Amino acid sequence: MTTISNRLQDILATIQSIKAATQAPQAISLLAVSKAHSSQAIREVYTAGQHAFGENYVQEALEKQGELEDLEITWHFIGPIQSNKTQLIAQHFSWVHSIDRLKIAQRLNDARPTDSDPLQVCIQVNISNEATKGGVKPEELASLATAISALPRLKLRGLMAIPAPTPDPEQQRTQFKQVRQCYDALKAKGFPLDTLSMGMSDDYPIAIEQGATIVRIGSALFGSRLQSQHD
Ligand SMILES: *Cc1c(COP(=O)(O)O)cnc(C)c1O
């Protein structure tokens, strides 16, 4: 019988073996993506030792946060951000991976409570040039990073990407490499970044090989999601 706890141990072992096999020098952490999964499932993963969880939908996340108040979870917001949700996100999350415009960053900054640590943020970059996907174009990164760095209640940590899904490992590699190049280019400009959030259940080994520091894993840990109720 495979339990959530077995799957967690398997994923953590895979992360370490890929890191060793590819001689990836960076530290890698797992973000457990719990969208569409119950508070009970999150509690089980937490009890097995995983304390960072990612959610995509504000209302769904707030319900679970209420039910899990007794746990010391670090909550990451990883979904598309509507401007009318920025206040709740700034109040109820430690991290936001999906910033893709200055207006959203400013609203998060303005709403971040002064008695909390600065909100830890990543800019979402779109290397596949798909109009339907979130994220800023690589050529717009430096100016957005400069503007975000000036916001006192936000701490810019790095980049996040969701490359176009493909079963072809070479295409996965090419896409992650492009994200990595964007990250390296920003660091070369002097931004003190330490976070490259990329890789999901189907492609995280190659993301690690290409420098991911956070892999965001949902279905490989929790099992497949039922049809989303948000569409
Ligand atoms: C759902 C989601 C994930 C996890 O995807 P899996 O394929 O289930 O691992 C990671 N990142 C983002 C932004 C997501 O929306």
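The values are calculated or read from the model by the stated rules, or taken from the named source; none is laboratory data. Just so we're clear, the structure is a prediction, and the values are computed from it rather than from any experiment. Positions of Cβ are generated from backbone atoms using ideal geometry, with glycine treated the same way; all protein chains shown enter the neighbour counts.
Of note:
- In the stretch 32-87, the residues that are of a type outside the set (S, T, N, Q) and in contact with an Asp or Glu (Cβ under 6 Å, 6 or more places away or on another chain): K35, A61
- Residue satisfying all of: in the stretch 66-75; over 22 Å from R157 (Cα atoms) and out of contact with any helix residue (DSSP H, G or I) (no Cβ under 6 Å at 6 or more places or on another chain); farthest from the ligand (Cβ to nearest atom) among these: D70
- Filter result for S143 (on the phi < 0 side of the Ramachandran plot and in contact (Cβ under 8 Å) with a residue 12 or more places away in the chain): no
- The stretch 201-212 residues that are closer than 15 Å to Q171 by Cα, paired with ones that are in a loop (DSSP other than H, G, I, E, B) and within 11 Å of the ligand (Cβ to nearest atom) (beta carbon under 6 Å, 6 or more apart): A207/M198; A207/G199
- Single residue of I123, I78, I127 found to be within 16 Å of the ligand (Cβ to nearest atom), under 22 Å from D194 (Cβ atoms) and modelled with pLDDT under 95: I127
- Among the criteria (1) β-branched (V, I, T); (2) surrounded by 15 or more Cβ atoms within 10 Å (Cβ to Cβ); (3) farther than 21 Å from S197 by Cβ, the one I104 does not fulfil is (3).
- Some residue of the stretch 184-203 being within 24 Å of Q26 (Cα to Cα), touching a Lys or Arg at 6+ places or on another chain (Cβ under 7 Å) and more than 16 Å from the ligand (Cβ to nearest atom): yes
Listed here are the residues, each with its yes/no results for (1) surrounded by 13 or more Cβ atoms within 10 Å (Cβ to Cβ); (2) touching a strand residue (DSSP E or B) at 6+ places or on another chain (Cβ under 9 Å).
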| site | (1), (2) |
| --- | --- |
| I18 | yes, no |
| V33 | yes, yes |
| V45 | yes, yes |
| Q82 | no, no |
| I89 | yes, yes |
| R112 | yes, yes |
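- Residue check for T86: in contact with a helix residue (DSSP H, G or I) (Cβ under 6 Å, 6 or more places away or on another chain), β-branched (V, I, T), in contact (Cβ under 8 Å) with a residue 24 or more places away in the chain and away from the ligand (no atom under 16 Å from the Cβ): yes
- The condition (being over 23 Å from I104 (Cβ atoms) and more than 13 Å from the ligand (Cβ to nearest atom)) is satisfied by just one residue among G211, G223, G158: G211.
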